[in-house]
Amino acid sequence: MPSTTFALDEPLISTLDAVANEARVGLSSAPKTLSPWLFYDEEGSHLFEQITELPEYYLTRTERSIFAAHAGEILREAALGQGPSGKLTLIELGAGTATKTGILLAEAVRQQGSVVYQPVDVSETALAEASENILANIPGVTVRSQVADYTREALPLNRLVETRTLALYIGSSIGNFMPEDAKDVLRNLRAQLLPGDALLLGTDLAPSGGAHANKTPATLLAAYNDAAGVTATFNLNVLTRLNRDLGSDFVLRNFHHRACWNPTQSRIEMHLESLIDQRVQIPTNSSGPAFTVDFAQGESIHTENSYKFTAAAVEALLASAGFKRTNSWQDPQHLFAVTLAAAI
Ligand code: AVI
């Protein structure tokens, strides 16, 4: 299960309605689109876990290495300015199984003796796994899981007396939102915080020319089009999901995974490209009557954007949502950034 925004466990009625609606709207629009939350059924969540361990997918291990190198500093700076008895409470948006968070939690326990950790995710299963792992491995952590979709609902923040909140939004999850939506997610978070609380934001960095040219579009393209084909399977799984949930008749071998770098928008785009002229049937469902979707050869469904940020873009995004950047850390190759910001 990913540490991500869109994990969904079971096809609850409301989830099926959402899938039906998404398919109708997205596949009837020009160009055709499907939202990335559709990736994360059980199989897609499992495939995403595999992606995070691929040699080409540097994001997860690089962010983890930044935490390993700088957790002490990050936690100390997040706690700056609070009273002697005050402690940090950590809340994590889209926590998933919280695999990277352990480094920060262990450091929080070292610095303050104990810590309350509130992971928020739509997946109850992922939260149960996170809680079990953390309680078994990091003494001193109290876990208060919250099942919620922070992209749609107000954040269920439990504020404890004499504590300051450090919100974690890591894993580059913010990069899967369109810029306006990314701002809204952070504004929603900011509305639940008090001045002096903090946010730790993980973002994948844009390729840099000049001094740090070790990150190029080729680095990104490899990460989203791995040699083993796991990302292709992850992308195509969305069609398997539609066939299962809606009874549509997508033939997977007639589509091809394509990742491309869009320099103007500073994002990787994932598409499912039709290899032939074809017609797909979607039966009647809760969103309306049966409909057909025609594809010309080479036409694609746009399934994901993954925005890549400059340091200045991160700072501007934070400022637009009521946060002020206080510090940031990057790996030595400048692949990934972790930025600390204060709620102002
Ligand atoms: C969850 N998210 C941050 C991933 C990303 O890198 O944008 C999703 C992903 N898509 C393809 N590979 C990974």
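The values are calculated or read from the model by the stated rules, or taken from the named source; none is laboratory data. Here the structure is a predicted model, which means the values were calculated and not measured. We place every Cβ from the backbone using ideal geometry, glycine too, and count neighbours over all the protein chains shown. Accessible surface areas use protein heavy atoms only, side chains included; no ligands, DNA or RNA. Shrake-Rupley method; radii C 1.70, N 1.55, O 1.52, S 1.80 Å.
Numerical summary
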| quantity | calculated |
| --- | --- |
| Check on Ser274, without any contact (Cβ under 8 Å) to a residue 40 or more places away in the chain, open to solvent by less than 30 Å² (accessible area, probe 1.4 Å) and more than 16 Å from the ligand (Cβ to nearest atom) | yes |
| Odd one out for Pro207, checked against (1) outside any loop (DSSP other than H, G, I, E, B); (2) in contact with a Lys or Arg (Cβ under 6 Å, 6 or more places away or on another chain) | (1) |
| Selection within the stretch 131-189 - among the aliphatic types (A, V, I, L, M), within 15 Å of the ligand (Cβ to nearest atom) and either part of a loop (DSSP other than H, G, I, E, B) or within 16 Å of Thr99 (Cα to Cα) (or both) | Leu168, Ile170, Met178 |
| Selection from the stretch 145-169 of residues that are within 13 Å of Asp121 (Cα to Cα) and either of a type in the set (A, V, I, L, M, F, W, C) or within 16 Å of the chain's Cα centre (by Cα) (or both) | Val147, Ala148, Asp149, Tyr150, Thr151, Arg152, Ala154, Leu155, Leu157, Leu168, Tyr169 |
| Hits in the stretch 198-232 - residues which are within 11 Å of the ligand (Cβ to nearest atom) and either of a type in the set (D, E, K, R) or in contact with a helix residue (DSSP H, G or I) (Cβ under 9 Å, 6 or more places away or on another chain) (or both) | Gly202, Thr203, Asp204, Ala223, Tyr224, Asn225, Asp226, Val230, Thr231 |
| Long-range neighbours under 6 Å by Cβ, at least six apart or interchain, first residue closer than 14 Å to Leu201 by Cβ within the stretch 85-110, second modelled with pLDDT under 95 and assigned to a loop (DSSP other than H, G, I, E, B) | Leu93/Tyr150; Gly94/Thr4; Gly94/Thr5 |
| Some residue of the stretch 300-308 being surrounded by 15 or more Cβ atoms within 10 Å (Cβ to Cβ) and away from the ligand (no atom under 16 Å from the Cβ) | no |
| Unique match (being modelled with pLDDT under 95 and open to solvent by 20 Å² or more (accessible area, probe 1.4 Å)) among Glu22, Glu73, Glu42 | Glu42 |
| In the stretch 47-68, the residues that are within 11 Å of the ligand (Cβ to nearest atom), open to solvent by 20 Å² or more (accessible area, probe 1.4 Å), among the charged types (D, E, K, R) and under 23 Å from Thr216 (Cβ atoms) | Glu56 |
